[in-house]
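These notes concern the structure reproduced below.
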Amino acid sequence: MRERKTDHAGSFEGLLFHQKKVFLICLGFTRNPTDAEDLTQDIYLKAFRRIHSLKESRLSNVWLYRITRNTCLDFLKKHRPIPLTEDEMDKVRLDPSTPESNVAYTESLRLLKSAIHQLPGKQREVYVLKEYGDLTYAEIVDVLKIPEGTVMSRLNRARQAIKSQMSRGDSHE
Amino acid sequence: MNEFKDIKMVGTDDLIRREKEEALEGFDEQRFRFTLDREIKNLAVQPTRFFVLLKKPVVIFALTFLLAFLTWAAFRVLRPDPADQNYLVFKTVLAQAYDLHKENMDGYSSAPEAQVESAESEFQWALKRVLFSIQIEKDPLDSEVQVFQDVLRRSLAFSPTEEISY
């Protein structure tokens, strides 16, 4: 059956419904809201330029998430995330206006981001798509073009690695 | 001394949820749409990637070099072969010789038939001598010999009573 070309303008408007998810996926990869917003802009511009290649509107979200994942990976290749230094952390610790719970949150977040960053690439992308993008297993299967069992096992391994990393960081402190 | 010793680490799910909530609070959808619309409008007026590339000196240099190379290659390929040049020279010389011969033949129009045949034969033999002298050269160019053979064949086919067509 011949695939019908969709109305490009309508498809692009439809893609804008997913902007928050795209932003959150970018946040998961970059760990920085400013970079995430810039990347989201780039992703939508790419989608606008390539919208003519979209054949089926029902797959537009998967298509968009695939662009998101690829753009984020390209970004990470160029901008290796720099972990917070001890001095930067000390600033948080010594700030008397910072409530203890906020300090704990900041420290835990730092550990989490570090743990996500240390994940193998394949596990990290599954973890980010699931935990930050709230994508379903079926959507992740379509985006990454891997079997559902693989998605589940990678996600499980990623969660375990992060848990282990977090508890190690916790005991280290 | 470490203040974190007694602070319980926040759960991963809560951390991610809180991080997402805070990030979304800072994410202004209207500003995002405004910036995106502006960028999309800019896309329409931006020159195509090819013209942007043309502004780079390296690309200009590469294109100039490529153009020069193509011109040189085209000149090499399309330049007439020396043998072809000889062909043209021989053809011109023989055509002139033939015209001269034809004028002479016209002068024989009232002469007896034997005399006409004699003049015709003399021209043919002259051409054969030229051809023979080329053929016995050490390295005769095939094309040159071929030219002479072609012209000679046409000359031999000449008959004073026939129309000549070039």
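The values are calculated or read from the model by the stated rules, or taken from the named source; none is laboratory data. Note that the coordinates shown come from a computational prediction; the quantities given were computed from them, not determined experimentally. Glycine gets a Cβ as well: all are built from the backbone with ideal geometry, and neighbour counts include every protein chain shown. For the accessible areas, the whole protein counts, side chains as well, though only heavy atoms, and no ligand, DNA or RNA atoms are used. Shrake-Rupley method; radii C 1.70, N 1.55, O 1.52, S 1.80 Å.
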> Among A:L155, A:L111, which is the only one that is over 18 Å from A:T68 (Cα atoms) and touching a Lys or Arg at 6+ places or on another chain (Cβ under 8 Å)?
Replying inline: A:L155
> Could you count how many residues in segment A:42-55 are in contact (Cβ under 8 Å) with a residue 12 or more places away in the chain and in a helix (DSSP H, G or I)?
Replying inline: 9
>> Give all pairs with beta carbons closer than 7 Å in which a residue from segment A:19-41 that is facing chain B (nearest Cβ under 9 Å) meets a residue that is among the β-branched types (V, I, T); count only pairs at least 6 apart in sequence or on separate chains.
In response: A:Q19/A:T40; A:F23/A:T40; A:G28/A:V128; A:A36/A:T30; A:T40/A:V22; A:Q41/B:T35
>> Condition first: at pLDDT 90 or above, open to solvent by less than 40 Å² (accessible area, probe 1.4 Å) and either at negative phi or assigned to a helix (DSSP H, G or I) (or both). Can you find one or more residues in segment A:77-98 that meet it?
In response: no
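Run down A:R66, A:R110, A:R58 and say which single residue is modelled with pLDDT of 85 or more, part of a helix (DSSP H, G or I) and open to solvent by 40 Å² or more (accessible area, probe 1.4 Å).
A:R66
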>> Looking at segment B:1-23, I want the residues that are within 9 Å of chain A (Cβ to nearest Cβ) and have a partner that is part of a helix (DSSP H, G or I) and at pLDDT 85 or above with Cβ atoms under 6 Å, at least 6 apart or on another chain. Which pairs are those?
In response: B:L15/A:L112; B:I16/A:E131; B:K20/A:L24; B:A23/A:L27; B:A23/A:P33
